[in-house]
Structures are given as C-alpha cells and as structure tokens.
Protein chains: 2
Amino acid sequence: MATPHDISDNAAPRGHTHTRDKEATRRRLLDAAETVFAAKGYHGAAVDDIIAASASSKGGFYFHFANKEAIFFALIEALTPKLEAAVDRAIAAEADPVAQLDAALRVALETFSRHRRLSKILLVEAVGLGHGFDEKLLRVRGRFAAMIQRRLDLAVQAGRIAAMDTETVAWAWFGAVNEIVVRWLITGQPERLESVFPALRELLLRSIGAPPATPPASEGSARP
Amino acid sequence: MATPHDISDNAAPRGHTHTRDKEATRRRLLDAAETVFAAKGYHGAAVDDIIAASASSKGGFYFHFANKEAIFFALIEALTPKLEAAVDRAIAAEADPVAQLDAALRVALETFSRHRRLSKILLVEAVGLGHGFDEKLLRVRGRFAAMIQRRLDLAVQAGRIAAMDTETVAWAWFGAVNEIVVRWLITGQPERLESVFPALRELLLRSIGAPPATPPASEGSARP
DNA sequence: CCTTACAGACCGTCGCGTCGGTTTGAAGCG
DNA sequence: CGCTTCAAACCGACGCGACGGTCTGTAAGG
C-alpha cells in the first residue's frame, strides 16, 4: 500500500517504506484491544492480555502506543467514525429532518446491536475512568449529541416542530438511547435490542411534538 | 457545618456503646469513602486514601469492611435509600400521577444538584467496573426506573395518558435525566443544573402525551 | 482476662513501562 | 549482484512502585 509521507524535509532521498508490516501489527494490536477491553473493561485488561491476544510483544506494543491509555483512545477514535459514518449515511438517505432523526435512531440501534464489543467500550467501559478520561469521552458523546441537535435545529427551521432547547433535547435523546443500550448490554434485556425501536421511536418523536406517523403516504394535514 | 447528610440521618436512638464508639468510626469510614471515591473514582481511590481521610487505620477499615468492594457497595446502598426517600416524599405530596412524575423529576434534579459527590459515585464512578459490579449497579438503577414505571402505570390506569410500553419509557426517562446530570457533573454545563428543568420537564411530559401545563401559578399567560 | 475495636508494620502480587538485544528489509557501494 | 550498514520494527526479561489484604500487637470495657 502506498502511504504517502509528508516528509518534505529537503529534497533528497525520499520514500522510506516499512520494514516488516508495521500497519498490520498496529491493526492486530487494536483488534486485540477491542476484544480485551470489551471483555474485561479498561482496568481489568492488562497490557499483557492485549499482547497475548494479538500475538505481538511488549516491545511491539510500546513501539506503537505510548501507554495503555493511548491505545484505548486510539481505539475509541478509530471506532466512533464508523458509527458516525453509518448514521450519516442513513441521514443522507432522507430528506425530511424528522425522517432523518427517525432513520438515525434506527441505524444507531442496529449498529449498537450488531457491534456489542464496540458498544460496550463506548458506552460502558469508557465511563468513570477519572483523569481527563471523562472529559474526552464526553467530547466524543458530544459529537453525537451535536449530530442530533443539528437535525433538530433543521427541523425547527423547517417548521416541522416547534422551537425548543434543542441542546438539552439532543443530550436527553442520547441519554435515553444510551441507557436502553447499556441495559441491554449488561442484563440481556430485552432479548433483541431492536424490539424497543417502536416504543423508543414513538417516545422520542412525541417528545418533540412531531407526528408519530411516517409510513408511506404521509400527509401532515391530519388533525392530531 | 452541614455535612453531606442533609437528606436524612438515621441514628441509633438507644445506644449500647459496648467498647469504643463502633458505629461512629464506621460512619467516618463511609464518609471518607464518599469523598475519596467521588474525587478519584473507584480504581483511583486507594484504601489507604480512605484510611487517611477518615483518621482511622487499616485494622479499623478491615474490621468494618471485608474489602474495598464491600465499602463501595455499602456506600451505594446507604446512599440510594436517601435519594429514594426524597423522591418518595415529593411524590406523596402530589395526588395526580402526572404531577407526581413532574415532582419526582424536580426533586431528582435538585437532589443531584445538591449532592455532587453522591451523584458522581452513583452515576459516573459506579459504571464500567466489570465483575458483577455492573449488574449490581443496574439493579440499583432499576429501582429508580421501577419507581418511574409505577407512576407511569398509574397514570395510564387513571386515563391520564395513553397506554404504552412503560418499562421502556421509564428507562428512557432515567437515561435522559442521567445523561444531563452526568454532563453537568463532568463538564460544568449547564452552570445551574436546575436550569434545564423546564426544557426537560416539557420534553418528558410531552413524550408520554401528557399536557405540558400543570404548574399551579407559574405563568400568567393563557391556559387551555 | 477475655473479647471487642482498632492501630500500623509488613508482605505478596500484579501490572505498567523500560531497556538492552535481535531481526528485517532497504539503501549505499563497489 | 552480493556484501555491508543502518535504522525501523519487534522481542521479552526485568525492575519497581503501588496497592490490597494480613497479622501481630494493644487500649478499653465488661
């Protein structure tokens, strides 16, 4: 693979490529970390566990990552874009802001449901670690809240819903979904995460005063 | 000075103080644990820290508590009843189920706002500890969700709101409030936690299709 | 004098991070 | 084209601090 370097220092010998497959071991480390962190939590996971699960070594690990924190955050920052992208794609497929929120909710639930480990790390293990962890994690969560808020603002602008404190609403929505998912992750209830979608969807849409009807021929002229 | 316990302190009316004051040191340990856990988190807090903050000793600590886990749970199980009691009292003061939910929300926000440390422990530090911690914690949270659900069920029975999946709604509500409080705890936004009450109240009540106007005489404008 | 409630020195473990060493592949060079 | 060189990439034993838990000792009360 051609990974361009921004080594523009002087004009002379360029392109030093990799020796053994660097990027691959990094990937293996990250993959192993995902598994181990999800299984044992941040504190419960020893660096040696990750080493073992990745068929790598201490030296390899600390060559790629400064310390345990570093790989944890690298993991989170590699994972969230995937979630964001999935949600973004779902949003882009809809035109109406309310329908976008609806789609985002469905995709979010589906994604969490499909990627337990990712969800566990993002929503459970990454909480309450102290230090600057909490702030960092909150910023990540904030990105999602901001996504929601943006759609809400658009919906308000479009006159689809009344004006409101969209920031609070966005965080509340995130929290509501988060709690449902966390409960599912820890106690296995409900069996299928997606089964709460209808109730949650109805609840959330009603909470912003949007019509709960979106099926086929949707006409907003009906009197609630 | 007003120590953290202005909710309700329950002291033994009759004292058979056998040797030295046993119950008092236990209290001091618990108080110190509350402070230390809130400040440094579960893993960040060393038993020695709690010892130091309580002017006790290793021997004393392990006389009263089997291990670190034990004092943590003892703390949680000493704290939640206070919260529950406060909410219960607020609920009892109202007759209408919807008004009860309203009151519960207000009191919950007030209580969290007043007891940062308690909130931090219950809502942040106690998450993602692994082992059987998560399950236990979820059960504690479940008690609150159950409280909400009970009121919702009553409201449904009373015909105040339409039938719905009250369990999911209860958890979603809890999650919504939780997220707002956690955000406030970690980033100090919003400055005053209570400032989100109106928006949250409106949001939650609307989410169950309850009329958003219930306050006695808070506004002088038109009412249905 | 025996038990309860506590004190504080001590010990064993565990896990993070380091550090010298080794392999690997790409240049330099004749 | 082989031989040397060099640094990037990787290995794994060890150090070392921290922290949970134990154990012996001791003041006080019955």
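Derivation of every value follows stated rules applied to the coordinates shown; laboratory data play no part. All figures in this text were calculated on a predicted structure; none of them were measured in a lab. Glycine gets a Cβ as well: all are built from the backbone with ideal geometry, and neighbour counts include every protein chain shown.
Computed about the Cα centre, the dipole magnitude for segment B:121-201 is approximately 260 debye when only Lys and Arg (+1) and Asp and Glu (-1) carry charge, each at its Cβ. Each Lys and Arg Cβ is given +1 and each Asp and Glu Cβ -1; about its Cα centre, the protein assembly as shown then shows a dipole of about 620 debye. Summary for B:Ala70: label point 7 Å along Cα→Cβ; distances to the equivalent points in the other copies, ascending, 4.1 nm.
Take A:145-154, B:58-67 and order them by the average number of nearby Cβ atoms within 10 Å per residue, most first; the result is A:145-154, B:58-67. Averaged over peptide B:121-129, the number of partner chain Cβ atoms lying within 10 Å of each residue's Cβ comes to 5.
Under 27 Å of direct C-alpha separation, and excluding same-chain neighbours fewer than eight residues apart, A:Lys68 reaches these lysines: A:Lys22, A:Lys40, A:Lys58, A:Lys82, A:Lys120, A:Lys136, B:Lys40, B:Lys68, B:Lys120.
Estimated translational diffusion coefficient (Stokes-Einstein, Kirkwood radius over Cα pairs, 25 °C, 0.890 mPa s) of the protein assembly as shown: 101 µm² per second. For chain B, the membrane-span-like helix rule (DSSP H, alpha carbon extent of at least 18 Å along the helix axis, mean Kyte-Doolittle at least -1.0) picks out B:22-44, B:68-92, B:97-114, B:133-157, B:166-186; this says nothing about an actual membrane.
Do the sum for chain A: with -39,500 (n - 2.57) for every DSSP H run of n ≥ 4, divided by all residues, what is the mean residue ellipticity at 222 nm, to the nearest 500 deg cm²/dmol?
Values: 9 runs with 142 residues, N = 224.
Taking each H run of at least 4 residues, the total per residue is -21000 deg cm²/dmol.
About its Cα centre, segment B:42-124 has a charge dipole of approximately 340 debye under the convention of +1 per Lys or Arg Cβ and -1 per Asp or Glu Cβ, with nothing else charged. Selection among B:Ala155, B:Thr168, A:Thr166 by position relative to the dipole of the protein assembly as shown gives B:Thr168 as farthest towards the positive end (Cβ unit charges, Cα centre).
Rg to Rh for segment B:55-102: what is it, with Cα atoms only and Rh by Kirkwood?
On the way: Rg = 17.6 Å, Rh = 13.2 Å.
Expressed as Rg/Rh, it is 1.33.
Compute the label-point distances linking A:Arg27 to its equivalents in the other copies; points lie 7 Å from Cα along Cα→Cβ; give nm, one decimal, shortest first. Output for A:Arg27: 6.2 nm, nearest copy listed first. When chain A is described by a simple charge dipole with +1 on each Lys and Arg Cβ and -1 on each Asp and Glu Cβ, the residue from A:Pro198, A:Ala90, A:Ser57 located farthest towards its positive end is A:Ser57.
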